[in-house]
1. Residues being assigned to a loop (DSSP other than H, G, I, E, B) and under 10 Å from the mean Cα position of the chain (by Cα): count how many of those fall in the range 15-36.
2. When you scan the range 49-91, how many residues do you find that are surrounded by 16 or more Cβ atoms within 10 Å (Cβ to Cβ), at pLDDT below 95 and among the β-branched types (Val, Ile, Thr)?
Amino acid sequence: MGVFGLKKPVCTGTLSVPLCMDCAAPLRRDEIAITKRLIGRGIRQYYCVNCLARRLGVTPTVIRMKIQEYRAMGCALFCTQPDGEGDDSSGTVEPSAADL
Ligand SMILES: [Zn+2]
């Protein structure tokens, strides 16, 4: 007895958000991308900015600058479109009730 007590919940109710291997912080897409970029594309474990910086022996600022750098280069691994940003070209106001 007691075997079933060790069973861990498989589903946590959310989508599979990758976590930092060191501190288990939920990772953003940028952090996953920069880990792939700096450590290797084939890896399946990712680190947050802080832990990645510590592992590489640099400051987190360096990692953040690298993220900006790759994003500026248009690297496909990084999301280039910030979400929540409204497009500024929505100036087309057409009169809908003109015919009525
Ligand atoms: Zn971490």
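1. The number of residues fulfilling the criteria is 4.
2. 1
The values are calculated or read from the model by the stated rules, or taken from the named source; none is laboratory data. Keep in mind that what you see is a predicted model, and the values were worked out from it rather than measured. Note that we place each Cβ from the backbone using ideal geometry, even for glycine, and neighbour counts take in every protein chain shown.
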